[in-house]
1. Do we find a residue being crowded, with 22+ Cβ neighbours inside 10 Å and more than 26 Å from residue 42 (Cα to Cα) anywhere in the range 114-134?
2. List pairs: first in the range 190-203 and acidic (Asp, Glu), second crowded, with 19+ Cβ neighbours inside 10 Å and modelled with pLDDT of 95 or more, Cβ under 6 Å, 6+ apart or cross-chain?
3. State yes or no: is residue 196 surrounded by fewer than 23 Cβ atoms within 10 Å (Cβ to Cβ), part of a strand (DSSP E or B) and in contact with a helix residue (DSSP H, G or I) (Cβ under 8 Å, 6 or more places away or on another chain)?
4. Pick out the one residue from 20, 44 that is assigned to a loop (DSSP other than H, G, I, E, B) and either at pLDDT 95 or above or under 19 Å from residue 157 (Cα atoms) (or both).
5. If you take the residues of the range 90-140 that are assigned to a helix (DSSP H, G or I) and acidic (Asp, Glu), which of them is farthest from residue 53 (Cα to Cα)?
6. Would you mind telling me which numbered condition in (1) surrounded by fewer than 19 Cβ atoms within 10 Å (Cβ to Cβ); (2) among the hydrophobic types (A, V, I, L, M, F, W, C); (3) in contact with a helix residue (DSSP H, G or I) (Cβ under 7 Å, 6 or more places away or on another chain) residue 139 fails?
7. Out of 209, 164, 204, I need the residue that is buried (at least 22 other Cβ atoms within 10 Å of the Cβ) and more than 17 Å from residue 119 (Cα to Cα). Which one?
Amino acid sequence: MSRFSRRRLGAVAGGTAVTFGVGAGTASAGGHRGKGPRPTEVRFNLPQSANPSIANGVAVGSAVAVYTSSGLGPAAANPGAPPGSPEQYVDPSVFPDGAMPAGVTVTEAQAWNTLQRIVDNLVEMDAKPQHVITMKCYLKRPPGAADADYAGWNRAYRHFFANVDLGTGRPIAMPIGTTPPVRPHLVNAARPARATTEVAGLAVPGWLVEVEVQATYSAR
């Protein structure tokens with residue numbers, strides 16, 4: 001049985017609250033309605049859909065250790081782009097020479113860069129992206145755009161989070177821009193509780209994305 005199966009995920013009675021079994025605690029089915037989490041339990045409240053991208057919320061037991069990252073944006077990885085431009089933060093290791101595949105937006109490319117920095121940040125502290133429970137994302141609208149690029153952000157997000165089918169345990173193919181869906185960059189079942197907000201500006205000129213997360217530690 002896949003380690004991402006619903007049995008391992010520990011679906012709670014009613015099918016809405018789910019513990020992924022990737023943090024400090026594990027869940028047993030049933031017996032939790034109207035009760036808070038056990039001290040070592042991490043319990044996700046998932047929407048009533050087959051494969052939601054985010055949780056409605058998460059309950060964390062009092063004995064669970066949690067790591068909180070600072071807000072991180074993309075690294076200035078593209079020396080060929082003008083300083084302070086959004087294109088300066090497109091990672092050539094992902095998009096060679098800063099050239100992006102069909103339909104990839106600069107927000108989407110910056111989100112890849114940012115989410116990889118989040119992953120690296122977690123690993124430095126012995127935490128894992130599979131243990132992320134909450135996420136806040138701040139988006140700035142690209143130059144000349146009417147609104148922030150939520151669609152581009154969400155495409156990048158699904159390459160790092162919420163890309164495992166909760167029924168089968170198999171990775172879900174995801175698009176990059178308008179290209180055909182491919183295997184996710186980081187196979188990860190975690191569906192954090194998430195907020196995404198458009199902001200007027202970010203601290204670093206050229207940033208369009210900034211992300212902060214909380215992750216639990218496994219029981220030791």
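The values are calculated or read from the model by the stated rules, or taken from the named source; none is laboratory data. Just so you know, these numbers come straight off a predicted model, no measurement behind them. Note that each Cβ is placed from the backbone with ideal geometry, even for glycine, and that neighbours are counted across all protein chains shown.
1. No.
2. Matching pairs, first to second residue: 198/139; 198/148.
3. Yes, satisfied.
4. That would be 20, the only listed residue that is assigned to a loop (DSSP other than H, G, I, E, B) and either at pLDDT 95 or above or under 19 Å from residue 157 (Cα atoms) (or both).
5. The extreme case among them is 97.
6. Single failed check for residue 139: (1).
7. None of the others qualify; the one that does is 164.
Each row is one residue, and each column tells you yes or no for (1) closer than 30 Å to residue 139 by Cα; (2) assigned to a strand (DSSP E or B); (3) within 22 Å of the chain's Cα centre (by Cα); (4) at pLDDT below 50.
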position: 25; (1), (2), (3), (4): no, no, yes, yes
position: 30; (1), (2), (3), (4): no, no, no, yes
position: 33; (1), (2), (3), (4): no, no, no, no
position: 52; (1), (2), (3), (4): yes, no, yes, no
position: 58; (1), (2), (3), (4): yes, yes, yes, no
position: 74; (1), (2), (3), (4): yes, no, yes, no
position: 77; (1), (2), (3), (4): yes, no, yes, no
position: 82; (1), (2), (3), (4): yes, no, no, no
position: 88; (1), (2), (3), (4): yes, no, no, no
